[in-house]
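S.K.: Provided herewith is a single structure, encoded as C-alpha cells, for subsequent inquiry.
Laboratory data are not the source of any read-out in this text; all were calculated from the coordinates shown. In this text, all values refer to a predicted model and were calculated from it rather than measured experimentally. All Cβ positions, even for glycine, are placed from backbone atoms using ideal geometry, and neighbour counts span all protein chains on display.
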Amino acid sequence: MMYIDPHIHMVSRTTDDYENMRDAGIVAVIEPAFWLGQPRTNVGSFKDYFSTLVGWERFRASQFGIKHYCTMGLNSKEANNEAVAEEVIEILPQFIAKEGVVAIGEIGYDDQTDLEDKYFRIQLEMAKEFDLPVMIHTPHRDKKQGTLRSMDVIEEHEIPPHLVVIDHNNEETVKAVLDRGFWAGFTIYPKTKMGKQRMVEVAKKYGSTKIIVDSSADWGVSDPLSVARTGNLMLEQGISKEDVHKLCYQNALDIYGQSGQFNESDWLGENTINQSDLLDGNSVLRGQEPKIINYKSARN
Amino acid sequence: MTSKQDRNKFIEITTSKLNPKELDWLNSKINIVSKTENAKKFGVFFSLASRFISKGFCEWKISEVEELKNIYPGFKKSPWTKLDLSRVCLMIVLDKTINKKVLLDFFKIAEMKEQISLYKGLFLLSNASEFSHQFTEGIRTNMVNVFDSLAQGNPFAQAYLNENSWNQLILKSLFMERKLYPIQDIDKGKNENLANMLQDYIKERWVAGREVSLEIWRMIDGFLRDDIKALIAKRGLEGNEKEIIEKLLDQNITISPEDWDAIGKIN
C-alpha cells in the first residue's frame, strides 16, 4: 500500500524515521511551515527555516526515496509578534512562488487574537493571488468555535471550500467541516488529538469522501508512521482497500494536486537512491556502509 | 569573460528550444527584469519559471552544441533542462550595475533546483569574477545535485577560483565520491599543494584500510612524493590500481587526458 503523509514536520525527525516511513510505504510528504517550539525573534530565522524546507530537507528526504513538498505561511502563534510578523509577510511571496510549494499553511487561529485574525486574512488573500490551496491549523483550545470561525473567514474571503483543508479535526468538528464542503484533515497522535482507533470509527461513520489522515509528527510526542499504521488498522477492521487508499493517499493528492505542484508522476516508477552519493563530513550518512536501495513504487 | 554577443547567442539558442507559450512567458519576463527598476521582481520570476517552462531536456543540433561549447566550455558535460536554460537567460539580462546584489540576495533563499540553475549560470555574467565568493560558498554544499552543478562541466571554477578554493572543489569531489573527469579544465588545475593534500588523504585512507578513487592519481601525476612511493612499494597492488600506478611510476609513459577520462568512466 502506498501512503502520503500530507502533514509532517520532517525538520524535527531523524533519518531512522525516514527509513521507517519508506519501509511502511510512505512515498511523499508535505511539510507545512509551522513554529519550532521556541519562538523566533527575527525575520532571518524564518527566512532560513523557509529555505530549509525547500532546500536541505527536500534533499534529505530524497536520499531515502521520499518526495518532499511543503506549504508556506506564518503560523498563528507567531502572528502575535507583530514586528516580526510584518517582516515575515514581506518575504513570504518569494517562498510561495517556489517549486513544490503546494499550499499556503498552516495558518489560522491559536488564541484567536486580533493579530492572528489580521495575518490569517492577509495570507488568505495571498493564496488567492498565487492560486494555491490553503491548509488550516485549527486551535487546540476552544477548538469548535475556532474551527467555525476559520470557515466563516474563509467564506468571507470567497475562497471555495474545495481548495481548503481544515486540519486537526475531531468527532466534534468533522460534521460541520464536511457539510460546508471543506476537506477534513485528521491528525493521529499517540496520546492527544485523535487516536488510531477513533479514526477507524470516524471513517466508518463518515466514509472516505474529503477526509484525510495525517501524522503532524514534529518535535513533540508524535508518530511519523501514523498514516501507515492507521491505514493498516482500518484494513484490519474491515474498511475497504479503496476507502483506505482515498483516506491515506488519494484525497491528499486530489486537494494539494490542485496547486499543480504535487504530481503522482514525481514518485511513481523506479527510483534508485545511491546513498554513497552522500559520504561527506556533514552529510546524512556518517561512517555507515553506503547502500543502493532500489524502490519500485507500485499501487498496493 | 563572455561577450555580449555570446550572451545574446545563448539567449537566442535557448529561446529557439521553447514552445510558443513558454517563449511568450520568458520573453515577457526578460523584458521586465532587464529594466533596472524592475530587478526586484527577478526572484519571484526565477521561481515561478518552474510553473511555466518544461523541465525536459533539449534536442541539440551539432552546430548548436559547438556554438554553446564556444560560449560555455564544458556545456555538454552536464545536464541542462529547458528550465535551467531559461532561468539563466533571466540572470544574463539583469543589469550589471545591480546584478550582484540581486543575485547574492536570491542565493540566500534559493531552493535546490534554483541553486543548480544559479551556479550553472554565473559563468555567463559579464561580471562573473565578482561571484567567486558565492561560488566558493557553493562548494560547501552537501546537496549532491547542487554540488555537481558547480563541479561538473562548469567553466567558472577554473576561470575564477583561487587555488585554495579550486583545491577544495577537487577534495570535496573525492569526499562526495563524485567523478573528476567531468570537471572542466581539470588538468589545468593540477598544482603541488593539491597533490600534497591528496597524497596525505591517500595515506589516511590506506591506513584505515579504505580505497581511493583511481582518478586521484590524475592530480598527483608529476608530484608523486617519496613517502607515497614507499607506501606503494609495500602495498600489494592489483587490477586497475596496479596498472595505473605502474604507468605513473614509469618515466617513459605519459598518461594522456583522454586516458584519464577513460579511467574515470570505467572506475
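S.K.: Take the eigenvalues of the Cα gyration tensor for the range B:136-192, scale each by 5, and report the square roots as semi-axes in whole Å, largest first.
M.R.: The equivalent ellipsoid of the range B:136-192 has semi-axes of 16, 12, 11 Å.
S.K.: So for the range A:76-122, what are the equivalent ellipsoid semi-axes in whole Å, largest first, each being the square root of 5 times an eigenvalue of the Cα gyration tensor?
M.R.: Result for the range A:76-122: semi-axes of 20, 12, 7 Å.
S.K.: I've got another one for you. If amide H atoms are built 1.01 Å from N in the plane of the peptide, which residues on other chains or at least 5 residues away come under 5 Å of the amide H of A:I26?
M.R.: A:Y3
S.K.: While we're here: Please arrange A:H168, A:H7, A:H157, B:H133 by how many other C-beta atoms lie within 10 Å of their C-beta, fewest to most.
M.R.: Ordered by Cβ neighbours within 10 Å, fewest first: B:H133, A:H157, A:H168, A:H7.
S.K.: Provide the FRET efficiency to the nearest 0.05 for the B:N127-B:F57 pair, computing r from the beta carbons and using R0 = 22 Å. Don't skip to the end; give the middle numbers.
M.R.: On the way: r = 29 Å, r/R0 = 1.33.
My answer for the efficiency is 0.15.
S.K.: To continue, here is another question. Can you give the alpha-carbon Rg of the range A:3-297 over 2.2 N^0.38 Å, where N counts its residues?
M.R.: Numbers: Rg = 18.4 Å, N = 295, 2.2 N^0.38 = 19.1 Å.
Rg over 2.2 N^0.38 Å, computed on Cα atoms: 0.96.
S.K.: Please find, in a Gaussian network model of chain A (springs between Cα atoms separated by less than 10 Å), the residue of A:G55, A:G257, A:G25 whose mean-square fluctuation is greatest.
M.R.: A:G55
S.K.: Arrange B:L237, A:L247 by Cβ neighbour counts within 10 Å, fewest through most, would you?
M.R.: Fewest-to-most ranking of B:L237, A:L247: B:L237, A:L247.
S.K.: Between beta-carbons, use under 14 Å as the cut-off and find the net charge around A:E87, counting Lys and Arg +1, Asp and Glu -1.
M.R.: Residues close to A:E87 contribute a combined charge of -3.
S.K.: Taking every pair of alpha-carbon atoms in the protein assembly as shown, what share in percent sits in each 10 Å bin, from 0 to the bin with the longest distance?
M.R.: With 10 Å bins starting at 0, P(r) equals 3, 16, 24, 23, 18, 11, 5, 1, 0.
S.K.: Tell me what chain A gives for mean residue ellipticity at 222 nm when only DSSP H runs of n ≥ 4 count, each as -39,500 (n - 2.57), the sum divided by the residue total, rounded to 500 deg cm²/dmol.
M.R.: -11500 deg cm²/dmol
S.K.: Report, in listed order, any pair from A:K47/B:K108; B:K9/B:K265; A:K204/A:K246 with a Cα-Cα distance greater than 20 Å.
M.R.: Long pairs (Cα-Cα over 20 Å): B:K9/B:K265.
S.K.: In whole Hz, what ³J(HN,Hα) sequence does the range B:204-220 give by Karplus (6.51, -1.76, 1.60; θ = phi - 60°), x for Gly and Pro?
M.R.: 4, 5, 5, 5, 8, x, 10, 8, 10, 4, 5, 5, 4, 5, 4, 7, 9
S.K.: For the range A:44-53, take each phi angle, set θ = phi - 60°, evaluate the Karplus expression 6.51 cos²θ - 1.76 cosθ + 1.60, and give the result in whole Hz per residue in order, putting x for glycine and proline.
M.R.: x, 5, 5, 4, 5, 5, 4, 5, 4, 4
S.K.: Let me ask something else about it. How big is the antiparallel share of DSSP beta bridges in the protein assembly as shown, given as a percent to the nearest 5?
M.R.: So the antiparallel bridges in the protein assembly as shown amount to around 25 percent.
S.K.: Let me ask something else. For B:L214, enumerate residues with amide H under 5 Å from its amide H, sequence gap 5+ or separate chain, H modeled in the peptide plane.
M.R.: none
S.K.: What's the percent breakdown of Cα-Cα distances in chain B across 5 Å bins, shortest bin first?
M.R.: For chain B, the pair-distance distribution reads 1, 5, 12, 16, 17, 14, 10, 8, 7, 5, 3, 2, 0, 0.
S.K.: So what's the range B:165-252 giving for Cα Rg divided by 2.2 N^0.38 Å, two decimals?
M.R.: It is 1.04.
S.K.: Sticking with this one: By count of other Cβ within 10 Å, fewest leading, how are B:E246, A:E99 ordered? Kindly include the intermediate steps, with their values, before the conclusion.
M.R.: Working: B:E246 12, A:E99 19.
Fewest to most other Cβ atoms nearby, the residues stand as B:E246, A:E99.
S.K.: Per residue of the range B:225-234, in order, report the coupling 6.51 cos²θ - 1.76 cosθ + 1.60 (Karplus, θ = phi - 60°) as ³J(HN,Hα) in whole Hz, putting x for Gly and Pro.
M.R.: Residue by residue, the range B:225-234 yields 8, 5, 5, 6, 4, 5, 5, 4, 4, 7 Hz.
S.K.: Right, another one. For every helix of n ≥ 4 consecutive DSSP H residues, a contribution of -39,500 (n - 2.57) applies; sum these over chain B, divide by its total residues, and give [θ] at 222 nm rounded to the nearest 500 deg cm²/dmol.
M.R.: -18000 deg cm²/dmol
S.K.: Something else about it: Putting +1 on Lys and Arg Cβ atoms and -1 on Asp and Glu Cβ atoms, find which of B:I98, B:Q184, A:T173 reaches farthest to the positive end of the dipole of the protein assembly as shown.
M.R.: B:Q184
S.K.: Here is a further query. Going toward the positive end of the dipole of the protein assembly as shown, with +1 on Lys and Arg Cβ and -1 on Asp and Glu Cβ, which of A:Q197, A:Q94, A:G25 do you reach last?
M.R.: So the residue we want is A:G25.
S.K.: Of all DSSP beta bridges in the range A:3-297, what percent run antiparallel (nearest 5)?
M.R.: Values: 6 of 30 bridges.
In the range A:3-297, DSSP labels about 20 percent of beta bridges as antiparallel.
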